[in-house]
Each structure stands twice: as C-alpha cells, then as structure tokens.
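First the structure, in the form of structure tokens, and then the observations on it.
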Amino acid sequence: MPQSPLTVAELSEAELLTRIFPRLELNAVHSAAVLLGPGDDAAIVAVPDGRTVISIDTQVQDQDFRLQWNNGYRTTGYDVGWKAAAQNLSDINAMGATATTLVVSLTMPADTPVEWIEDLADGLAAAIGKLGAGSCSVAGGDLGRGGELSVTVAVLGTLSGGQPVLRSGATAGDTLAIAGKAGCAAAGLALLESNHPVASLAPELRLFLDLQCRPEPPLDAGPGARTSGATAMMDISDGLVRDGTRLAVASNVVLDLDPGKLKQLAASLRPAAALLGADPLAWVLGGGEDHGLLATFPADIQLPPGFTGIGSVQARGSNEAAGVKIAGRPADSVGWDHFAD
C-alpha cells in the first residue's frame, strides 16, 4: 500500500520550521535591511530612509483559492506561496517603493501534508527571486493550527529618499497608462471554473491559468514611474474599472479610457474567450489579480518603460461624479468585491 503523506500534525512546530527555513534561505536573496531574521521572538529591520512603506494581505482557502478547481486543477503550495508574495510585493510597487522585508503568518489544518507547506515556502522564495524583488527577504513569521489554510503576508519597503506616489495626485490633462497584464488572470479563473479539463488545455490557454495562480506584477515599473514623474498610481487587483474608480475618486477626477487601446489589451485574450464563449473586453475591464499598475503622468513627458497609454484624465463636471468612462460614457464593469454575494 502507498504510504500516507506526512502531515503537519506529526511534527512539532520546531521540526516544521526546520523544513521551512532552509528553503527560504536557499532560494531567496537576503535583504540588507534584515539585521536579524528568523529564530528570535522578533526580527530586526533597518530603515535607512527613515520611513517604512507597509502593506498586508491574506489568502484564505475557499475564498481566495481552492485546493481543487472545477476543471481538475489542484492548487499547490507553490502557487499559494508565489501569489502571497506577488500580491504584497505589488502593493509596495504601486507606491513607487522597493520591498525589503516579508513576514508570513500561516494557519493550517492538522492534516495538511508537510510537502504542501514545503512547496509554499519554495513558491514564496521563488516569487521573490524571479519577480525581481532582489532586495527583499523573509524576516520571520508565525505558524498556527486552524480549520482552513490561511496565509497572511506583511511586507515592508523603502522609498530610498523619494516621495511616494499616491492615488490622489492625478490632474486633468494627465495621460492614463497601464503597466503589466490586464485580464489574463480573469481568463485563467474562468478556465479554472470551467468544464474544460486542465490536461486538455493548449499551452496558450494554460498560460492564462498559470497567470491566475502565479501572477507576474511588473516590480520594476513602480519605482520607474515614481522617478519619471507619475502623479498618481495604484495596483490593479480588483479590476481596471473598480480600481480606476478608486483612483478617480481619490483624485476627484474622471478617467476616460480609450476603446481602441482596450481592444488591443483584449486581443491576447481571444483564445480563452473563444473557448469559453466569453467577452475578452469584460476580463480587461472587470478582471483583477494581474497586479499590474494603473498610473497617471503629465501629458508632456514620455511614458517610462513598461507603460502603455490607455486614456486620459479629465476634470469632473459640476454635476458629474468622479469615476471611469469609456470614450465619454460611464463604464459599467464593477470588478471584484471581496464582500459581494
């Protein structure tokens, strides 16, 4: 008979940590900001800039990911570890900052295979390295037992002497631009929830699924946008229209999207849309989790590398609410809401 996999209930916390720490140390680049890492009651982190940029996010089983998807795909610990790092690194990126330190809290059922947790550590470390967060490393965290898998990551970053790029700085006349992908993760989610077996997907379709499970935020674009003079910026985690509306409200302006540019973004999604009978433009407008950047720049400057213009910033009319339009008409895609039914 095949041997049952080793579970976390069969190890002490210390034994489990001895399986996790070496994986983080082997795969991750060590940050100069971490003066004391895992092993003590708390980490010690240097703050050379005098300011700390901080963000925190959580992934919860059956809310943010499923262990088993409708199309047969099984979410690995590597997937969850990668995504936990990527979505938090993206928040720091959206401020124009550079990540320096991660701390991780992991809650897990007693029957969780140890191999799944080891894979999570591998995915976390791999994302830090492969996404280009070379000045960031894991400084510590916490392990606990619970009824479901839950991974919380807090990330610290530095501005290196510059000023943060906020959501509230867009002004009329600015160019609206995007960096990274748009709609790919939404296409991947649709494939995961479809009846098309994962094993049957062609490579060009499997790519979308991979980008849902392991997003690729453009981590070099945030600091580049800041030094190029971006007036406002934010991470696109809940969809272009929903997050664009947040930026517009914070800046008290109207964002007007160019339909021609939107169609260009949707063009790469057509293989998945054709298979599923979906509208690729809806994924571009309403799909989240690609963790690209939405930013505004003065009209008279050249957009920095990685950014593509997709519209303009307009003044809000006297009887007009701040928000997002497409060619002058209100956009009707709402994007992702964690608390919606």
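Worth a mention:
- When the residues of the range 243-261 are filtered to those that are touching a helix residue (DSSP H, G or I) at 6+ places or on another chain (Cβ under 8 Å) and buried (at least 21 other Cβ atoms within 10 Å of the Cβ), the one that is farthest from SER168 (Cα to Cα) is LEU257.
- Residues (surrounded by fewer than 13 Cβ atoms within 10 Å (Cβ to Cβ) and at pLDDT 85 or above) located in the range 15-35: GLU15, THR18, LEU35
- Consider the range 91-123 and keep the residues that are over 19 Å from PRO217 (Cβ atoms) and either assigned by TED's automatic domain parsing to the domain that holds ARG214 or of a type in the set (Gly, Ala, Ser) (or both). The one that is surrounded by the fewest Cβ atoms within 10 Å (Cβ to Cβ) is ALA110.
- Scanning the range 191-217 for residues that are of a type in the set (S, T, N, Q) and under 21 Å from ASP64 (Cβ atoms) returns SER194, GLN212.
- Taken together, the criteria place ASN88 among residues that are surrounded by 18 or more Cβ atoms within 10 Å (Cβ to Cβ), within 13 Å of PRO217 (Cβ to Cβ) and polar (S, T, N, Q).
Here is a yes/no grid of residues against (1) in the same structural domain as GLN212 (by TED's automatic domain parsing); (2) out of contact with any Pro (no Cβ under 9 Å at 6 or more places or on another chain); (3) among the acidic types (Asp, Glu); (4) in a loop (DSSP other than H, G, I, E, B):
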residue	(1), (2), (3), (4)
MET234	yes, yes, no, no
VAL249	yes, yes, no, no
VAL254	yes, yes, no, no
ALA266	yes, no, no, no
ALA272	yes, no, no, no
LEU303	yes, yes, no, yes
GLY311	yes, yes, no, no
GLU320	yes, yes, yes, yes
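- The criterion of being modelled with pLDDT of 95 or more, within 29 Å of PHE208 (Cβ to Cβ) and buried (at least 22 other Cβ atoms within 10 Å of the Cβ) does not hold for TRP69.
- Lone qualifier among GLY50, GLY72, GLY96 - being in contact with a strand residue (DSSP E or B) (Cβ under 8 Å, 6 or more places away or on another chain), small (Gly, Ala, Ser) and part of a loop (DSSP other than H, G, I, E, B): GLY96
The values are calculated or read from the model by the stated rules, or taken from the named source; none is laboratory data. Computed from a predicted structure; not experimentally measured. When we count neighbours, we look across all protein chains shown, and the Cβ atoms used for this are built from the backbone with ideal geometry, even at glycine.
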